[in-house]
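Asks: Here it is, the structure, as structure tokens.
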Amino acid sequence: MSDSWNKRTKLVHGGTKRSQWGEVSEAIFLTQGFVYDSAEAAAARFESAGPDEYIYARYGNPTVAMFEERIAGLEGAEDAFATASGMAAVSGALISMLKAGDHVVAARALFGSCLYVLEEVLTRYGVKVSFVDGTDLEQWRAAIRDDTQLVFFETIANPTLNVVNLPEVAKLAHAKGARVVVDNVFATPVFSRAIEQGADVVVYSATKHIDGQGRALGGVILGSTDYIRKTVEPYMKHTGGSMSPFTAWVMLKGLETMDLRVRAQAATATALAEALQGHEKLARVLYPGHESHAQYDLAQEIMGAGGTVVSLDLAGGQEAAFRFLNALEIVVISNNLGDAKSIATHPATTTHQRLPDDQKQALGITPGLIRLSLGIEDTQDLIADVLAALEAA
Ligand SMILES: *Cc1c(COP(=O)(O)O)cnc(C)c1O
């Protein structure tokens, strides 16, 4: 892969390694292990494996390596480690770096499982965690201490789509010697510029836009070669959260079309947000890519786009939200996002059900809130579907 290639070229050709057969589509090396030419060769490889030398699929595999190289090239990261799911990536990125006594500062508006890892798992092993309102730079400034090891946040938070000022939070963290770990799913790998904006580590759930077709769970941790090979790889390969070769192949194929899909999805999200402005059934339309969003300028600075998700707050509360969901004909009710199919979610009763009411309120997860992940269907069909369902609500 050439560094001078533009992103769309990297997404199609980056990381490709061909076998002696010269196949066009990437090969799936569905093998757990590898045969050595001699006993001496086995011993040498265990002592020090070169870049194209494999030992065991939990440690690495050629199809997985193609995926890692392709996504690292896109993100502008030195290296990557592919994982079995997005949560294997989040937990691996954090746990591999932390030890008892370390301090972490995290934004409170997080994906539920990320909150569990920070609140329930890390604290059990003696890591201290402080939570802040991720949109408030003063809270970050007050919470990051000399002994803070890392900060963690989602650049765009689920489901209310608040934007964290990544460059400014990174400056505050780096001033105290803390590392910046970003869960960048909602920004998407297409719009992300997280590394140039100061992130040390970027994590994705590949289940979302990277697969983008609802087929497989996966994740990836991106960062410096030193961090990936000396910190992440030993932890992941010995604890078992590695990506399977078959999943890596699905994700490689997903990357080929990701730019086209995500740009189409974001264009539809923008058109939908515009079409819904001032709608009588809606208390709020939340989309960082629309001028009505309180952080529109920041979203433009950080991503140059608003992403593929629009959240709607129905004035009629949960009953209206349920009537809306049940009236949708194209958009399906589910809880993935970034998929080719448009998906609607009611966070208060599904993804965020576990949160106590006061926390739901603090995070803006109201009874009428719907998270809409726009797919690649026809834009006008989707707008008509949403408008008709709003009528029924
Ligand atoms: C989905 C998601 C995850 C977890 O990913 P899985 O692939 O489901 O394990 C983590 N963070 C965010 C922001 C997500 O949307």
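Asks: With no solvent and one equal point scatterer placed on each C-alpha of the stretch 7-254, evaluate the Debye formula and give log10 I(q)/I(0) for q = 0.10, 0.12 Å⁻¹, two decimals.
Replies: Values returned for q = 0.10, 0.12 Å⁻¹ are -0.48, -0.68.
Asks: Would you work out which of Tyr204, Pro356, Ala315 lies farthest towards the positive end of the dipole of the chain? Charges go on Cβ: Lys and Arg +1, Asp and Glu -1.
Replies: Pro356
Asks: Check cross-link reach from Lys17 to the lysines: straight Cα distance under 22 Å, and skip same-chain residues fewer than eight apart.
Replies: Result set, ordered by chain and number: Lys7, Lys253.
Asks: Now for a different question. Need one number: the % of Cα-Cα pairs in the stretch 258-392 sitting beyond the 19 Å mark. Intermediate values should be presented prior to the final figure.
Replies: Values: 4282 of 9045 pairs.
Distances greater than 19 Å cover 47 percent of the Cα pairs.
Asks: Also, I was wondering about something else. Could you work out how much longer the chain between Asp37 and Val332 gets when fully extended? Use 0.36 nm per residue separation minus the Cα distance between them, nm to one decimal.
Replies: Details: separation 295, 0.36 × 295 = 106.20 nm, distance 5.26 nm.
Stretched out fully, the Asp37 to Val332 stretch lengthens by 100.9 nm.
Asks: Compute the FRET efficiency between His279 and Gln353 as 1/(1 + (r/R0)^6), taking r as their Cβ-Cβ distance and R0 = 22 Å, and round to the nearest 0.05.
Replies: 0.25
Asks: Pop out the carbon and sulfur fraction of the accessible area of the stretch 171-321 as a percent, whole number, probe 1.4 Å.
Replies: Values: 2750 of 5350 Å².
So the carbon and sulfur contribution to the accessible surface is 51 percent.
Asks: Modelled label-to-label distance, Gln361 and Ala44, 7 Å Cα→beta-carbon offset: nm?
Replies: Each label point is offset 7 Å from its Cα along the Cβ direction, giving 6.9 nm.
Asks: Rounded to the nearest 5, what % of the DSSP beta bridges within the chain are antiparallel ones?
Replies: Working: 24 of 43 bridges.
Here the antiparallel bridges make up roughly 55 percent for the chain.
Asks: Helix 86-95: angle to the longest alpha-carbon principal axis of the chain, degrees 0 to 90, nearest 10?
Replies: Orientation of helix 86-95: about 70 degrees from the principal axis.
Asks: Select from the stretch 8-49 those GluC sites (Glu not before Pro) which occupy a DSSP coil region and have at most 14 other Cβ atoms within 10 Å, ordered by residue number. The partial results should precede the final answer.
Replies: Working: sites: Glu23, Glu26, Glu40, Glu47; in loops: Glu23, Glu26.
Here the sparse-neighbourhood loop sites are Glu23.
Asks: Sticking with this structure for a sec: Between Asp3 and Asp146, what FRET efficiency comes out of the Förster formula 1/(1 + (r/R0)^6) with R0 = 45 Å and r the beta carbon distance, rounded to 0.05?
Replies: Details: r = 37 Å, r/R0 = 0.82.
FRET efficiency, Asp146 to Asp3: 0.75.
Asks: Within the stretch 237-256, name every residue whose backbone N is under 17 Å away from a label modeled 7 Å from Cα of Val24 along the Cβ vector.
Replies: 253-254, 256
Asks: How many percent of Cα pairs in the stretch 329-384 exceed 15 Å? Before the final figure, lay out the partial values.
Replies: Values: 781 of 1540 pairs.
Value for the stretch 329-384: 51 percent of Cα pairs lie more than 15 Å apart.
Asks: Provide the per residue accessible area, probe 1.4 Å, for the chain, rounded to a whole number of square angstrom. Mind showing how you got there, number by number?
Replies: On the way: 16430 Å² over 393 residues.
Accessible surface, normalised per residue, equals 42 Å².
Asks: In addition: Given labels modelled 7 Å from the Cα in the Cβ direction, how far is it in nm from Tyr125 to Ser292?
Replies: Distance between the two pseudo-spin positions: 4.5 nm.
Asks: Can you tell me how much longer the chain between Lys230 and Tyr56 gets when fully stretched, taken as 0.36 nm per residue apart minus their C-alpha distance, in nm with one decimal?
Replies: Numbers: separation 174, 0.36 × 174 = 62.64 nm, distance 1.78 nm.
Extending this stretch completely gives an extra 60.9 nm.
Asks: Further question: Let me check I have the definition right: for the stretch 1-118, take the eigenvalues of the Cα gyration tensor, multiply each by 5, take square roots. What are those semi-axes in whole Å, largest first? Intermediate values should be presented prior to the final figure.
Replies: Numbers: eigenvalues 192, 98, 33 Å².
Semi-axes from the Cα gyration tensor: 31, 22, 13 Å.
Asks: So for the stretch 258-392, taking the charge dipole from beta-carbon charges (+1 Lys/Arg, -1 Asp/Glu), which of Ile333, Tyr287, Ile383 sits furthest toward the positive end?
Replies: Positive-most Cα among the choices belongs to Ile333.
The values are calculated or read from the model by the stated rules, or taken from the named source; none is laboratory data. Predicted model, so just to flag it, every value in this text is computed and none were measured. For neighbour counting, all protein chains shown are included, and Cβ atoms are generated from backbone atoms with ideal geometry for every residue, glycine included. In case anyone asks, the SASA skips ligands and DNA or RNA and just uses the protein heavy atoms, side chains included. Shrake-Rupley method; radii C 1.70, N 1.55, O 1.52, S 1.80 Å.
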